[in-house]
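Scroll down for the structure; my scribbles are underneath it.
Every number in this text was worked out from the coordinates using simple rules, so none of it is lab data. Predicted, not measured: the structure shown is a model, and the values here were computed from it. Cβ coordinates were reconstructed from backbone atoms using ideal geometry, including for glycine residues, and neighbour counts include every protein chain displayed.
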Amino acid sequence: MKTARFIEIEDRFGAHNYHPLDIVIRKAEGVWVEDVEGRRYIDFLAAYSAVNQGHCHPRLLKVLRRQAARCTLTSRAFRNDQLPLFCREISELTGYEKVLPMNSGAEAVETAIKAARKWGYTVKGIPADQAEIVVCADNFHGRTTTIVGFSTEPQYRDGFGPFTPGFKIIPFGDVEALAQAITPNTCAFLVEPIQGEAGIVVPPEGFLARAAALCKEHGVLLIVDEIQSGLGRTGKLFAYEWENVRPDGVIVGKALSGGFYPVSAFLSSREVMDVFKPGDHGSTFGGNPLGMAVAREAIQVLLEEKLIENSARLGPWFMEKLGGLDFPSIETVRGKGLWIGLVLKQKARPYCEALKDAGLLCKETHENVIRFAPPLCITKKELNTALKRVQKVFRKLDGER
C-alpha cells in the first residue's frame, strides 16, 4: 500500500489524539528510517529519546529474541531471573539503593508521586491527606489525570477534570519561588532538569544545585524526571549530573529499553522505597522478564558503545553550527548534548514538514520550536548531512541570506 492509503485507514479507524507528519515508516536501522515508498530519512527525534541506542540495535534484538523464546511474563505474583539482575545493575550504576520498575514513563511518575506522599506521611510526619508537591510551570510529566492536573498547558487539562489536589506550581528555574512555596506539608519537589516538551528549556545555571540545597534544608525530597533528559541524551548519564547534585529520587524510562519494549523505573533510597508494603502499588507487566532482559542490555549498549560520550562530543559542535545559521525566522538555539531546540519567530510546523520532504525527520514542540534529538549513535558525517538539509530548507522558506 502507498502512504496515502495507510493514512486514510489510520484516520478512519484510529483516535485523532496525535498530529503526526505524513510519513509511514516501515523499516529503521541506526539513525535512518525508510518509508513504504522506499525513501530514506535521518531520524532527528529518536522516538522522543526512546531510541538513544539507535533503531533496531542488533544487540537488543538478539536479547529480545532469546528472552521471548524463554519467558516473557510471570506477573509479580512470582519471581523471575531477570528482575533481580536488572535491579542490582541499575542500582550499582546509579548509586541508588532501590528500584521499582514499571512500564510507561507516566507510570513511573505516578510511582514517584505515591512514594513521595507516603514518605511524607510515614517518615516526615505530615498530617493525613495534607501532603504537597511542588512542580514547575510548563512541565511535562505524562498524561494521566493526576499529572495533567498540575500541567499549565490548557489543552492537556481541557475536558479532563476534576483534578487531584496537592500540587503547587512555580516558574521553572526560580529558586526564590520554590523557597516561598515550601511549607511544613511539602513532601517533594518534582522537576525536569531540562524541560523537553516545553522546547528544550535549560534553567539558569545553578538552579538545580540551589534547589537541592533548599530541599535538604527543609526536609523535602528532590525528585528529578529524567525520562527524556536521562540515559545519555545531554552528554551525561543523567542531566542532573551537570550541576553535581544528588536527587532523592530519579524517574527513568524511554531509552531504558532502547525502543524495543516499554520499561520505566523509579530509583530512590531505601528510606523512601521502603514505605511501600505488599499491595500498596504494582503492575502486572512491571518488572517482567522480557522487559528486564532488554533494559539490562540497553544500558550496557549506552555504556560500552560510548554513546553518552558521543552526545557530549557532538552536541556542542552541532549546536555551534546551528547557532551560526543566519536566517530571519531563527530566534535562538538552546539545549545540552544532542538535545537541541531551534527556536523560531513563527510556527515551526511548516519547517518540520519541509525538513521531512528534504529527508530529515523532526517535530515541532510548543508551536515555534524545532526539536533536534537524533539517536546517540549518530556520526559527525551524518550530522553534517543533516545540517545541509536544514540549511536547504531554511533557504527555501526564508530566502537566500
>> Report the gain in length on full extension from H218 to R39: 0.36 nm times residue separation, minus Cα-Cα distance, nm rounded to one decimal.
In response: 58.8 nm
> What does the highest-first list of 189-195, 158-164, 382-388, 77-83 look like by mean Cβ count within 10 Å?
Replying inline: 189-195, 382-388, 77-83, 158-164
>> Quick check on packing: order 208-218, 94-104, 14-24 by the mean number of other C-beta atoms within 10 Å, highest mean leading.
In response: 94-104, 208-218, 14-24
> Going by the alpha-carbon gyration tensor, a ≥ b ≥ c the square roots of its eigenvalues, is segment 269-401 rounded (a/c under 1.5) or, if a/c is not under 1.5, prolate (a/b greater than b/c) versus oblate?
Replying inline: prolate
>> Please compute, for the alpha-carbon atoms of segment 1-137, the extent along each of the three principal axes and give them in descending order in Å.
In response: 61, 39, 28
> What dipole magnitude, in Debye to the nearest 20, does segment 12-115 give about its Cα centre under +1 on Lys/Arg Cβ and -1 on Asp/Glu Cβ?
Replying inline: 460 debye
> If you put +1 on each Lys and Arg Cβ and -1 on each Asp and Glu Cβ, how big is the dipole of the chain around its Cα centre, in Debye rounded to 20?
Replying inline: 1100 debye
>> If the elastic network links every pair of Cα atoms under 10 Å, which of L325, L342, L307 fluctuates the most in the Gaussian network model of the chain?
In response: L325
> Counting only residues 5 or more places away or on other chains, whose amide H sits under 5 Å from the amide H of L221 once H atoms are built in the peptide plane?
Replying inline: A188, F189
> If each residue's Cβ is checked for other Cβ atoms within 10 Å, how do K321, K236 rank with the fewest at the top?
Replying inline: K321, K236
>> Can you tell me what share of the DSSP beta bridges in the chain is antiparallel? A percent to the nearest 5 is fine.
In response: 65 percent
> Do the sum for the chain: with -39,500 (n - 2.57) for every DSSP H run of n ≥ 4, divided by all residues, what is the mean residue ellipticity at 222 nm, to the nearest 500 deg cm²/dmol?
Replying inline: -10500 deg cm²/dmol
>> What lysines does K124 reach when the alpha-carbon gap must be under 30 Å and sequence neighbours fewer than 8 apart in one chain are set aside?
In response: K98, K114, K168, K216, K277
> Classify segment 58-304: rounded, prolate or oblate, from the alpha-carbon gyration tensor (a ≥ b ≥ c, eigenvalue square roots; a/c under 1.5 rounded; otherwise prolate if a/b is larger than b/c)?
Replying inline: prolate
> For the charge dipole of the chain, defined by +1 on Lys and Arg C-beta atoms and -1 on Asp and Glu C-beta atoms about the Cα centroid, which residue among G315, A298, L61 has the Cα displaced farthest towards the positive pole?
Replying inline: L61
> Each residue of segment 183-191 in order: what ³J(HN,Hα) in whole Hz does its phi give by Karplus 6.51 cos²θ - 1.76 cosθ + 1.60, θ = phi - 60°, with x for Gly and Pro?
Replying inline: 10, x, 8, 6, 9, 7, 10, 9, 8
> R0 = 35 Å: FRET efficiency of D81 with K347, Cβ-based, nearest 0.05?
Replying inline: 0.10
